[in-house]
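For reference, the structure is listed below as C-alpha cells.
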Amino acid sequence: MHATDSADQAVTVEPGLPADETPLGRELARMTAPGAEYGLREEVVGGVPMRVYARGPHTLAEMIADTAAFGNRPYWVYADEHLDYATHLRLVHGLAAALLGEYGLEPGDRVAIAMRNYPEWGVVFWAAQLAGLVAVPLNAWWTGPELVWAVGDSGARIVVADGERAPLLAGHGGIGSDLPLVRVRGEGPFPGREWVDLVASLDRDAGPPPVAVRPDDPSTILYTSGTTGRPKGAVHTHRNHVTNALNVLLTARANAAASPASSRSSRPAPPQTGTMLTYPLFHIAGLNGLYGQVIVGGKVATMYRWDREEARRLVREERLTGGAGVPTTMRELAEIAIAHPDELSSLSRIGMGGAPIPGELVRRIATELGPLSANGYGLTETTSAVCANIGADYVAHPDSVGRPAPGADVRIVDPGTLADVPEGGIGELWFRGPNIVGGYWNNPEATAAAFVDGWFRTGDLGFVRAGWVYVVDRLKDVVLRGGENVYSAQVEAALHEVPWVEEVAIFGVPHPTLGEEVAAAVRTTPGSPHDDSAAEALRAHVTARVAGFAAPAHVFWWTEPLPRTATGKLLKRELRERSE
C-alpha cells in the first residue's frame, strides 16, 4: 500500500507488485515506465486524475482503421466461412457510409445489435465505431419484451438482428416500420430489410467517413445482466475499451518476456494469433476477445453454440493460439488439449472468467499443459478485467484474481462506514482508472449509488494482500449465520477440491434462530453417491479448510448443470427459490 491520496484520502494499491518481486512484476514496471512502449502518463479525465497510456490507438475507430495494414490476413472464421481483414474493412467502410448517409444517423446516435456471434456482428459493431455512433449490443437470450424494452430505453435509431431475434422485435414499438430493422441470416417473409440486400447496396469504394472520434466519446451501451431488476446500461467510452485492449496486450507480452526459456514451447509459433471466442459478443468479455485480436491482426473463431468437437476442429485446422470462455467450456477445451496434445499444440493461452475458477482446474491445466491459464476480475462497468492473473503467477496464486491493471487503483472499503479497511481486511472492492465507465445510460439514481468521486463500487467483497486481490463474495450473497459471515467463494473453492464435485454453489436459506443457514447446490460426476454420507464428507472437507460454521447444513443434489446466465454467472436467486 502507498500513502493516502491527498485529494480524497483513499488508500490505493499501485499497479502490480514492486519491480523486484516477481519476473512479471519487473517486466510490467519496465514496460510501463515513462517513454517505454506502454508508458503511462498522468491525465485528468472527467475531473478524475488517472494514469493513461501515452501510445495509441486512442479510439476504436483508430483501431479498426489500422487493420488496413493486415491486408488479406484471415480475420473471422465461422463454421466453414472465412472473412479476411481487407474484405471486412471494405464492408465496414460501406456500412458506416450507409448509416450516416442513407439512414441519416449522426455521431452519438445508437445502433442496436441483437444476434449470435456471427461475422456480421463485427461488421455492424466496427462500422458504428468508425462512424462515431454508439453500439448497443443486446443480450441474445432475452425474451421479445426484454429486447423491445432495451431498444426503447437506449433510443436506438436502427436495429440489426439475426433470424431468431428479428421476429421477436418486428412490429413492437415501431420496430420494422418507423424504426429500421435489418435481418441477418433469416428466412421467410419479413417486414424489414434483409442484410444481403443492404450489403449489395453498399459502396465498396467508400473510404472512412469524415467523422472526428475522440477518446472520451461514447462507444457502447452494454446492459448489465439484470439478475436483480431492470438491466442498467453502462456507457463505455472509446478510452475505456482501448485501455482494456492495451491492458490485455501488455500483460500478455510482459508475461511472455518474463517466462523462462525452459517453459516456452519448442514448437514454432503459429504465424498469426487466434482465439476460440465462446463468450457472447453482447458481453464485455466477448468484446474483450474481439478487439483483443483486432489490435494485433489476430483471428477470431466463433460457433453457433459451444460444441467440443467443432472447437477441436477449429483449433486444429485454424491453428488457434487461445481460448476464451466461462470455466465450464474452457474445462472442456483443456480436456481436449490434454487428450490430443499434438492436434492442439498451437494453444498457448486459456482465458477464463464470468464465474469463480476452481483452483484444481488451474493446477490440472498447469500440470498437463503448462502455465497456459489466465484469469482476471472485472465487471461490465470496469470494461472487463481490471485485475489480471496469468501464467506462472496464476499457478502460484490460483485463488487470487490477480493484480490491478497498470492504470487502475483499488480501495477496500467497509460498506457500512465507507472507511478504508486495513490491508488483509475484507471490504467492498472499489476501483477507479481509465477503464472505469462514468455511469449508466439515462439512470442518474443508479449512477449516484455506484460511482463516488470517480470510484466504482463493485458490490463485491474482497481483500488485498501483498498486491494480490482476492474476491470472497458478492455483498448481497454473504450468508449471515448466527452473527458469522460466510463467504461463498471460500466454501465453493474448498468443495471444488473434492474430485467428484463438478459444480457447486453456496447460498443462504432462512433459519428461525440463526437468521440463515449455509446451503450447497452440488452437481457431481456421474455415478457419485447422493446420500447422507456423501453430504457429511462435503461438510468435513469444508470444516477442515474454512470453519465449522461455514459447512453446508443443507446439500441439494443436482443432476443437471446449475442455472447460470448466458455469461456463466450462477443464478443464486433461482437456486434459493428452487430449494424452498
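Since every read-out is calculated from the coordinates, none of them should be taken as a lab result. Please read these numbers as outputs of a predicted model, since none were measured by experiment. Ideal geometry is used to build each Cβ from the backbone, glycine not excepted, and the neighbour counts take in all protein chains shown.
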- Once you wrap a convex hull around the alpha carbon atoms of region 413-465, what is its projected area averaged over all directions, in nm²? 4.1
- Starting at the first residue of region 168-178, write each ³J(HN,Hα) from the Karplus equation 6.51 cos²θ - 1.76 cosθ + 1.60 with θ = phi - 60°, in whole Hz, x for Gly and Pro. 6, 9, 4, x, 9, x, x, 6, x, 10, 6
- Note on the structure: Kirkwood Rh for region 478-579 from C-alpha pairs, in Å, is 13.7
- Message: Per-residue counts of other Cβ atoms within 10 Å, averaged by peptide: what ranking do you get for 50-60, 395-405, 118-128, 193-203, highest first?
- Response: 118-128, 395-405, 50-60, 193-203
- Given a Förster radius of 30 Å and the C-beta distance between Ile426 and Leu249 as r, what FRET efficiency does 1/(1 + (r/R0)^6) yield to the nearest 0.05? 0.40
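Among Leu571, Leu91, rank each residue by its count of other Cβ atoms within 10 Å, from fewest to most, as a rough exposure measure.
Details: Leu571 16, Leu91 22.
Starting with the residue having the fewest Cβ neighbours, the order is Leu571, Leu91.
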- Query: From the backbone phi of region 308-318, what are the Karplus-calculated ³J(HN,Hα) couplings (6.51 cos²θ - 1.76 cosθ + 1.60, θ = phi - 60°) in whole Hz, Gly and Pro given as x?
  - Reply: 5, 6, 5, 4, 4, 5, 5, 4, 5, 7, 9
- Grab the Cα-Cα distance for Ala466 and Ser528, subtract it from 0.36 nm times how many residues apart they are, and report the gain in nm with one decimal. 18.3 nm
- Note on the structure: For Glu502, the residues 5 or more places away or on another chain with a placed amide H closer than 5 Å to its own amide H are Arg523, Thr524, Thr525
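At 222 nm, what value in deg cm²/dmol follows for the chain if DSSP H runs of at least 4 each add -39500 (n - 2.57) and the sum is divided by all its residues, to the nearest 500? Walk me through the intermediate numbers first.
Details: 17 runs with 176 residues, N = 580.
Calculated mean residue ellipticity at 222 nm is -9000 deg cm²/dmol.
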- Item | lysines with Cα under 16 Å of Lys572, excluding same-chain neighbours fewer than 8 positions away | Lys476
- Inter-part gap, Cα centre of region 416-490 to Cα centre of region 372-400, in whole angstrom, is 17
- Order these peptides, 153-160, 41-48, by their mean beta-carbon neighbour count within 10 angstrom, highest first. 153-160, 41-48
- When the Kirkwood radius is taken over all Cα pairs of region 83-213, what Stokes-Einstein diffusion coefficient follows at 25 °C and 0.890 mPa s, in µm²/s? 168
- Quickly rank 132-140, 333-341 as a protection proxy: mean count of other C-beta atoms within 10 Å, highest first. 132-140, 333-341
- Taking R0 as 45 Å and r as the Cβ-Cβ distance between Arg214 and Leu418, the FRET efficiency 1/(1 + (r/R0)^6), rounded to the nearest 0.05, comes to 0.85
- Query: Between Tyr304 and Ala257, what FRET efficiency comes out of the Förster formula 1/(1 + (r/R0)^6) with R0 = 30 Å and r the beta carbon distance, rounded to 0.05?
  - Reply: 0.20
- Task: Sticking with the crude label model, points 7 Å out along Cα→Cβ, report the distance from Glu335 to Arg204 in nm, one decimal please.
- Result: 4.5
- Message: Let me understand the chain better: what is its radius of gyration from the alpha carbons, and its Dmax, in angstrom?
- Response: 23.6, 73
